[in-house]
Amino acid sequence: MSCKTISVLTSGGDAPGMNAAIRAVVRSSIANGIRVLGVRRGFNGLINGDIFEMNLRSVSDIIHKGGTVLYTARSPEFRTSEGVQKAAQVCKGLGIDGVIVIGGDGSFRGARALSRRGIPCVGIPGTIDNDVACSEYTIGYDTAMNTAMEMIDKIRDTAQSHDRCSIVEVMGRRCGDIALNTGIAVGATAILVPEVKYDMDRDIIDRIKFTQNIGKKHFIIIVAEGLKNVNKISKEIKRRTGIDSRTTILGHVQRGGSPTLRDRVMASEMGCMAVDMLIKNINNKIIAIKNNKVIYMDISKALSVKKHFDIELYKKALNISI
Ligand code: F6P
């Protein structure tokens, strides 16, 4: 079957670079003579028919913008078989030959459900968390890390001036990649990630005391979200080391902002590749980065891969952040 109409949607948490991916999908579809439909608010838009035709100018002036011009949502209705059925009917009614889903694992489970109802899908990994197991890289991750790094550099200025300890919580859902990499980049004394069981004494208090004894006067502690309340950590540090401590939860600032060059280029490449795949009838796949190359994998296989955490890098971080 030849591909005449493609639709594109963003789903789950937004990520800087999603706009660059949408732009690439729209422009390369049109370059190949394919009609392209934008779906608003993720799978909700497919269910409700909130869909519009896009043209070359619909994606002007967005490559440098954070967020997603298509809006996004997490759709509880799409987790029901009735919801998927409705969405599939809408796709068939509009003559959609393929859906490009930009999002994370949750969105890809949605894409798989839709593909099982006969709608060809291709997934593009887009989330700041870098937690799509089949891919070494997700769109938005680079920008989020750079944002976190810039913010923590600012926090460091004031921690240094007051001889304080700053405990900073970063995002990542259940993935420690943002915490590990920003922790290295800002020279954190301790980094807590979900992949490595931590011990308050060994990993924080003893490390602070050791570095304090060799002349260190200010400290940055990075904590991946969901591990431990940063205010509790702060109080314990104050009580046990006497060091005045402050906390910052970076939060959604990490999700916004202009995408980095890396995110824009990756998103553009993946967007073009997704269209190319649908044209070639290569369906129900997730695009991924493996050994720094852009590849694709079967959705089900991709969803069964276990996420790799770079424990060697984590050990190196501990050795040098002293
Ligand atoms: O998946 C991206 C992410 O920002 C996670 O890091 C975080 O756990 C979650 O989304 C926050 O979700 P919400 O958009 O519901 O605040």
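The values are calculated or read from the model by the stated rules, or taken from the named source; none is laboratory data. Just so we're clear, the structure is a prediction, and the values are computed from it rather than from any experiment. Counting neighbours? That spans all protein chains shown, and the Cβs are built from the backbone with ideal geometry, glycine included. Just so you know, the surface numbers come from the protein's heavy atoms only, side chains and all, with ligands and any DNA or RNA stripped out. Shrake-Rupley method; radii C 1.70, N 1.55, O 1.52, S 1.80 Å.
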Output the direction-averaged projected area (hull surface divided by four) of the convex hull of the alpha-carbon atoms of the chain, in nm². 16.3
Contact order relative to length for the chain, counting C-alpha pairs under 8 Å separated by 6 or more residues, stands in percent at 23
Where both partners of a DSSP beta bridge lie in the chain, what percent of those bridges are antiparallel, to the nearest 5? 25
Between Rg and the Kirkwood Rh of region 1-102, both from Cα atoms, what is the Rg to Rh ratio? 0.96
Environment charge at Arg41 (Cβ cut-off 14 Å; Lys +1, Arg +1, Asp -1, Glu -1): -1
Got a sec to turn the phi values of region 216-230 into Karplus ³J(HN,Hα) couplings, 6.51 cos²θ - 1.76 cosθ + 1.60 with θ = phi - 60°, whole Hz, x for Gly and Pro? 6, 10, 9, 9, 10, 10, 9, 10, 5, 4, x, 8, 7, 4, 5
Mean accessible area per residue over region 253-322 (1.4 angstrom probe, all protein chains present, square angstrom) is 56
Which net charge results for the neighbourhood of Val275, defined as the other residues with beta-carbon distances under 15 angstrom from its beta-carbon, given Lys and Arg at +1 and Asp and Glu at -1? +3
For region 70-129, take the convex hull of the Cα atoms, compute a quarter of its surface area, and give me that in nm², please. 4.1
Evaluate the relative contact order of region 244-307 (contact order divided by residue number), counting alpha-carbon pairs under 8 angstrom at least 6 apart; express in whole percent. 18
Accessible surface of the chain, 1.4 Å probe, proportion on carbon and sulfur as whole %: 49
Which three extents, in whole angstrom, do the alpha-carbon atoms of region 204-274 cover along their principal axes, largest first? 55, 26, 18
Over region 2-148, average the accessible area per residue using a 1.4 Å probe and give it in Å², no decimals. 34
Go ahead and estimate [θ] at 222 nm for the chain from helices alone: -39,500 (n - 2.57) per DSSP H run with n ≥ 4, summed, over the residue count, rounded to 500. -12500 deg cm²/dmol
When the Cα atoms of region 118-203 are enclosed in a convex hull and the volume is divided per residue, what value in Å³ results? 106
Taking K and R as +1 and D and E as -1, what net charge do the other residues with C-beta under 9 Å from the C-beta of Cys3 add up to? +1
Coarse-grained scattering of region 48-194 at q = 0.17 Å⁻¹, given as base-10 log I(q)/I(0) from a Debye sum over alpha-carbon atoms: -1.02
Any chance you could list the semi-axes, whole Å, largest first, of the equivalent ellipsoid that the Cα gyration tensor gives for region 156-304, using √(5λ)? 40, 16, 12
